[in-house]
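So the structure is just underneath, and the comments pick up after that.
Laboratory data are not the source of any read-out in this text; all were calculated from the coordinates shown. Source: prediction; values computed, not measured. Note that we place each Cβ from the backbone using ideal geometry, even for glycine, and neighbour counts take in every protein chain shown.
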Amino acid sequence: MNILGKNWLTESPFDYELKRYKLLGAVKKLNAMIEAGHLYSSLIEIENQLDDLYKLKHGKSDIDNRTRVLKGINLDTMSLEYEYPEDNESIAHVYMLVDMAIQYFEDLFKLVRNKWRTYSTKINISEIPSTRPTKSKGYVFVSNKKDKDSNIITYSYNKPSKFNGEWKDLKLSRIETEINNLTDLSNFIEKVDSESSDFRFWRCTYTIEQDYDDCVFPLINYNLFYKINIS
């Protein structure tokens, strides 16, 4: 997803009101997406925009340095003196929009993180049959709590060597196996354990009614990452 586009602020033609209108439209759309539970795509969009905005903001001094003109030498201080051309109106408007956009996206970031924390409380993850903190591989069994033990989705993972980074570093890969009840689940664990003792097993249930791929799955990934780190 790329609601505004990477270069929406600096691309030509420059029209302050048009760009402001685009910004407000994007903020409205992201607000609606967050309220509808599309947390992951909203979070990525917001993080990317803030990253670009802060680069622009902190790059203003670089632009000023490139546009300065040598005026002469101050003989009293033996230092070079520069003068700066009058600000171009378009450039001034760009930085007005940068500050405006940063405020909007910071507010959106707080909103999506609040929703993220709220929905995280609707996910329960427990390790079965016992805690195995030294194992780097694992299986995760996911189901909607309202569906009881039917329609269990199974994922596998292999903990990356650099696991102290971001939760997105933990890659859950869906595997095709039929597990429809607790008996199937126990049989699967027993079979894997009989072949290798290198795995951890996690049971995950959720009560979130939002989009699975854009809300439930990223939250499971996030929560499991921290579960693995602390246990």
With R₀ set to 45 angstrom, the calculated FRET efficiency between the beta-carbons of THR131 and GLU35, to the nearest 0.05, is 0.75
Could you tell me what % of all Cα pairs in segment 113-214 have separations over 22 Å?
34
Per-residue Cβ neighbour rank within 10 angstrom, fewest leading, PHE188, PHE105:
PHE188, PHE105
Under a point spin-label approximation (7 Å from Cα along Cα-to-Cβ), what is the ARG113-ASP198 distance to one decimal in nm?
3.8
Taking other Cβ within 10 Å of each residue's Cβ, how do TRP167, TRP202 sort, fewest first?
TRP167, TRP202
Can you compute the modelled spin-label distance between ASN181 and ASN229, with each label point 7 Å from Cα toward Cβ, in nm?
3.9
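Could you tell me what percent of the DSSP beta bridges with both partners in segment 123-230 are antiparallel, to the nearest 5? Each step should come with its number before you reach the end.
Working: 15 of 23 bridges.
If we restrict to bridges inside segment 123-230, about 65 percent are antiparallel.
Between ASP99 and HIS58, 0.36 nm times their residue separation minus their Cα-Cα distance comes to what? Working shown, then result.
Working: separation 41, 0.36 × 41 = 14.76 nm, distance 1.12 nm.
In short, 13.6 nm is gained.
Arrange ARG20, ARG200 by Cβ neighbour counts within 10 Å, fewest through most, would you?
Numbers: ARG20 15, ARG200 22.
Lowest to highest Cβ neighbour count: ARG20, ARG200.
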Length released on extending from GLN210 to TRP167, taking residue separation times 0.36 nm less the Cα-Cα span
13.4 nm
